[in-house]
1. Would you please classify the overall shape of region 131-239 from the alpha carbon gyration tensor, given that a ≥ b ≥ c denote the square roots of the eigenvalues, rounded means a/c under 1.5, and beyond that prolate means a/b larger than b/c while oblate covers the rest?
2. Which pairs break 32 Å Cα to Cα here: LYS92/LYS376; LYS183/LYS323; LYS92/LYS323; LYS109/LYS193; LYS212/LYS274?
3. Would you list which aspartates and glutamates come within 20 Å of LYS329, measuring only between C-alpha atoms, while excluding same-chain residues fewer than 8 positions from it?
4. When only C-alpha pairs under 8 Å and at least 6 residues apart count, what is the relative contact order of region 287-353, in percent?
5. Dipole magnitude of the chain about its Cα centre, charges +1 at Lys/Arg Cβ and -1 at Asp/Glu Cβ only, in debye to the nearest 20?
6. Could you list the trypsin sites (Lys or Arg not before Pro) in region 359-419 that lie in coil according to DSSP, counting only those with at most 12 other Cβ atoms within 10 Å of their Cβ?
7. Would you work out which of GLY247, GLY169, PRO299 lies farthest towards the positive end of the dipole of the chain, given +1 charges on the beta-carbon of Lys and Arg and -1 on that of Asp and Glu, about the Cα centre?
8. Return the single residue from ALA179, ALA326, ALA79 with maximal mean-square fluctuation; model: Gaussian network over the chain, springs between Cα atoms under 10 Å.
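What follows is calculated from the coordinates using simple rules that are stated; it is not laboratory data. In this text, all values refer to a predicted model and were calculated from it rather than measured experimentally. For neighbour counting, all protein chains shown are included, and Cβ atoms are generated from backbone atoms with ideal geometry for every residue, glycine included.
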Amino acid sequence: MKIRNKPGGVLGIVAAASIVALSLSGCVRDGAGQGGGGSSTSPGITDTSITLGVTTPLSGPTAGPGTCTVAGLAAYFGAVNAAGGVQFGDGKKRTVDVKSYDDAYDPQKSLSNFQQMVADNVFAVTSGLGTPTNRAFRDAAISQEVPQVLVMTGDPLFSDREESPWQLGFVPIYQNEGAAFGKLLAESGAQHKVAILSQNDDYGKGYVSGFKEAIGGAANVSVVGELTYEATDTSVDAQLTQLAASGADVFFNAMSITPLVISSLQKAQQIGWKPSWFLPSNTSSPTAILQPGGATAYPGIYSVSFSKAPQSPAFAKDADVVKFLADLKQYGNYPDMPAFPHCMWSYMVGATLEEAFKKMTEPNRDSFMTALRDIKGLQAPLMLEGTAVDTTTDGQPAVSSVLVQKYDGRGYTTAEKFG
């Protein structure tokens, strides 16, 4: 694995054994679904290699999960490249070059990174974390016909084929996660009062709308307090104090900022409010968030998942987990036990991309998008039983099924019921 710094501080992680100079002679732009692809060759792909780009937070408060979105992808393709590369559907074998760009969870930086990726002749953008940061260059990607796929946002817009013909999300849409929580709570039978704190953007609104739709008219569940916060806020102490006064025994915290989740767990204890918590999958890490936040003080911390957790004793000797950890260390430049699920998710993204590469019959973006949208029932490495990759349903991301889990002090176990 080679690591190189690009001009302007952009970090490039190269998953190929060596860097192959990309010859752009004869490359032309192709059109997705418009018959413009033909046998033309898109930027970023040659007879021997293909280049992927990732814009994601490698610095700032979300650098932990952001770094994982690169590490898992680099780990997967590092191992694939070491074995000789990917056999594409056009009969050629290619290695995969992964370049990463730091956006610090800043939409303006992610837009600038996209423009740089176009200049760097990246074939497709993938894996990067964040709803506002992925939204920032969505229109530009559509206009320039650059795939922006299998990105780490639950924004449903990215899975709308008509509105976003060059996009596809990877993780379950926020509404799906929120609905899983609401369904579990409504089916508990017991009376519950819920307080909600959500991020004041599409991320937070998606979780809340899914949750409310799932509880519907359930007589045993009532929302007794609901507040928002801004992604730029450094404290939510005032909101927590106000929500605690509601007497809620369940706290739905639709929050994406790691330090704020930790401080929220700590603050609620300080003011003597100890409800059960529902947390989004991307901010529920046992080691990076729950342990420093003192989560064992609460009667229950619930989240959702579709991937095996390497930290869990149940998966310590699992073949997928063993290989993943070895690849992550050797090729992903990530020697520690993953603290965030994004490391596992981006590894799965690698497997999904490889499946699409195997199906694409022409070296262009049109053929790639056609192949990517024709994957069904793929049991990617690290997927939990009962989940799978399915890119064939309009309006849904590559992964749409989740399992609700409960924190047991070390990791998560499947939650058959609430309580």
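1. Here region 131-239 falls in the oblate category.
2. LYS183/LYS323; LYS109/LYS193
3. Straight-line reach from LYS329, under 20 Å: ASP97, ASP318, ASP320.
4. Relative contact order here is 31 percent.
5. 820
6. Passing both the DSSP loop test and the Cβ count: LYS376, LYS417.
7. Going by the charge dipole, the pick is PRO299.
8. Judging by the Gaussian network model, the answer is ALA326.
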